[in-house]
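Engineer: Sending over a structure as structure tokens; questions will come in a sec.
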Amino acid sequence: MKFNYRVCFRPSTSPTHHIHEVYYDDRGRVAFYDPKPAVGFGDDKDEMYECAAAMWKAFDEEVLDLDRVDRKLLRAFMNENYPQNGSKDGKRA
């Protein structure tokens, strides 16, 4: 599983943008994200620089609408765990 930093916003609650860690599945689709905004870190100045450089790359990517991402993740979860008629085993409850 790979991750990167992305600029994200949640239009349902605030127009404010933040940088978040976003994780991807094997097909490159968003699998999950850290709900808390990212904070730069490092044991020394060089590590902090590398972290900041990785975060800066977020500005090269499309901004993620977290409301939309949440809807897609919920739909994928429901389709995977409750196929077609709403039950895991394919039988109606």
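The values are calculated or read from the model by the stated rules, or taken from the named source; none is laboratory data. Please read these numbers as outputs of a predicted model, since none were measured by experiment. Neighbour counts run over all protein chains shown; Cβ positions are idealised from the backbone, glycine included. To get the accessible areas, we keep the full protein, side chains included, count just its heavy atoms, and leave off ligands, DNA and RNA. Shrake-Rupley method; radii C 1.70, N 1.55, O 1.52, S 1.80 Å.
Engineer: To test your reading of the geometry: what angle, between 0 and 90 degrees and rounded to tens, separates the Cα axis of helix 45-56 from the longest principal axis of the chain?
Structural biologist: Long axis of 45-56 versus the principal axis of the chain: about 50 degrees.
Engineer: Between GLU50 and GLU80, how high is the FRET efficiency from 1/(1 + (r/R0)^6) when r is the Cβ-Cβ distance and R₀ = 25 Å? Nearest 0.05. Don't jump to the answer; show the numbers that get you there.
Structural biologist: Working: r = 36 Å, r/R0 = 1.42.
Efficiency at R0 = 25 Å is approximately 0.10.
Engineer: Would you grab the residues whose amide H sits under 5 Å from the one on HIS17? Only those 5+ places off in sequence or on another chain, please, with H modelled 1.01 Å from N.
Structural biologist: Counting only residues 5 or more places away or on other chains, the set is empty.
Engineer: Separate question: Mind listing the phi-derived Karplus ³J(HN,Hα) values for the range 14-20, rounded to whole Hz, using 6.51, -1.76 and 1.60 with θ = phi - 60°, and x for any glycine or proline?
Structural biologist: Taking θ as phi minus 60°, the curve returns 6, x, 5, 9, 9, 9, 10 Hz for the range 14-20.
Engineer: Identify the trypsin sites (Lys or Arg not before Pro) of the chain meeting these criteria: DSSP loop state and at most 14 other C-beta atoms within 10 Å of the C-beta.
Structural biologist: ARG27, ARG29, LYS88, LYS91, ARG92
Engineer: Given the -39500 (n - 2.57) contribution per DSSP H run of 4+ residues, what per-residue ellipticity at 222 nm results for the chain, rounded to the nearest 500 deg cm²/dmol? Write out the running numbers ahead of the final one.
Structural biologist: Numbers: 2 runs with 28 residues, N = 93.
The helix contribution divided over the chain gives -9500 deg cm²/dmol.
Engineer: What do you get for the angle between helix 66-81 and the principal long axis of the chain? Use alpha-carbon atoms, 0 to 90 degrees, nearest ten.
Structural biologist: Computed tilt is about 40 degrees.
Engineer: Match the structure shown to one of the listed values (1) 8.2; (2) 6.5; (3) 4.9 of mean projected area of the Cα convex hull in nm², computed from it, and give that label.
Structural biologist: Working out mean projected area of the Cα convex hull in nm² from the coordinates points to (1).
Engineer: Springs between alpha-carbon atoms under 10 Å, Gaussian network over the chain: tell me which of VAL69, VAL39, VAL22 tops the mean-square fluctuations.
Structural biologist: VAL39
Engineer: So, one more: Would you work out what percent of the accessible area of the range 7-86, with all protein chains in place, is carbon or sulfur (probe 1.4 Å)? Spell out each step's value before the answer.
Structural biologist: Values: 3310 of 6100 Å².
That share works out to 54 percent.
Engineer: Leaving out ligands and nucleic acids, and using a 1.4 Å probe, what accessible area per residue does the chain come to in Å²? All intermediate terms of the calculation are to be shown ahead of the outcome.
Structural biologist: Details: 7310 Å² over 93 residues.
Dividing the accessible area of the chain by its residue count gives 79 Å².
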